[in-house]
Amino acid sequence: MLFDWLRKKKKPTKPEKPTDPLAAFDQLIEDLERQAAEVRKSAATLLALKGDLARSEERYARRLEELSKRRATADEKGDAKVATTLERDRAQTQSLLRTTQDSLQRAEQDSKLLLEAAADIGSRVAELRAERESASARLAVGGLVTGALQEQVERFDKVLALDAARDEIERAHALAEIYREERG
């Protein structure tokens, strides 16, 4: 009994499909708008990161220049110990600069890709909105046509009922005529 209850409990429920055809459009448009917002948010994050990385790149480039000048001064003075330390700092800064440049390049590519995706989603939303408006108009016209056809069917039913009543009256007259002839 417990296992039956757990089996029933585990079944994933499917989201209800909208019965109104326009609700299906609205639901898809809403989902796409939400997705586009998330993509734009991610692109904005990457653009902010690009700014930070560009500042870091400038900082490391300035530091490399400074280290080169200090190394040249240490070489002029013949201070090998300082020159060695400055060379190690330059190598570390150079590594940080390369890593920052790689990260900046990747952030640029990814942000460009995300902005293109957001634009694609935006155009798809615009297309769906136009299609929804068209579907709404067709449904409204279809409702009017259906109403007119229903009225026509009702009139046709009335005409058939009237014809049936006329036929019944004709039969009654014919029957009465037959009785009159037999009596007469």
Name the residues in region 119-149 that are touching a Phe, Trp or Tyr at 6+ places or on another chain (Cβ under 9 Å) and open to solvent by less than 60 Å² (accessible area, probe 1.4 Å), would you?
-> Leu128, Arg132, Ala135, Ser136
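Taking Ser136, is it under 38 Å from the mean Cα position of the chain (by Cα), farther than 26 Å from Pro21 by Cα, hydroxyl-bearing (Ser, Thr, Tyr) and at pLDDT 80 or above?
Criteria not met by Ser136.
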Enumerate the pairs (first residue in region 50-70 and farther than 13 Å from Arg98 by Cβ; second residue anywhere and open to solvent by less than 100 Å² (accessible area, probe 1.4 Å) and among the acidic types (Asp, Glu)) with beta-carbon separation below 9 Å, excluding pairs fewer than 6 apart on the same chain, so at least 6 apart or on different chains.
-> Lys50/Glu108; Arg63/Asp89; Leu67/Glu87; Leu67/Asp89; Arg70/Asp89
Kindly indicate which of Glu108, Glu170, Glu116 is touching a Lys or Arg at 6+ places or on another chain (Cβ under 7 Å) and open to solvent by 70 Å² or more (accessible area, probe 1.4 Å).
-> Glu108
Name the single residue, out of those in region 69-107 being among the acidic types (Asp, Glu) and touching a helix residue (DSSP H, G or I) at 6+ places or on another chain (Cβ under 6 Å), that is farthest from Ser56 (Cα to Cα).
-> Asp75
With criteria (1) acidic (Asp, Glu); (2) surrounded by fewer than 12 Cβ atoms within 10 Å (Cβ to Cβ); (3) modelled with pLDDT under 90, Glu65 comes up short on (3)
Whichever residue in region 1-48 is basic (Lys, Arg) and modelled with pLDDT of 70 or more and, among such residues, is farthest from Ala135 (Cα to Cα) | Lys41
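The values are calculated or read from the model by the stated rules, or taken from the named source; none is laboratory data. Predicted model, so just to flag it, every value in this text is computed and none were measured. Every residue, glycine as well, gets a Cβ built from its backbone with ideal geometry; the counts of neighbours run over all protein chains shown. Side chains included, ligands, DNA and RNA excluded: accessible areas come from the protein's heavy atoms. Shrake-Rupley method; radii C 1.70, N 1.55, O 1.52, S 1.80 Å.
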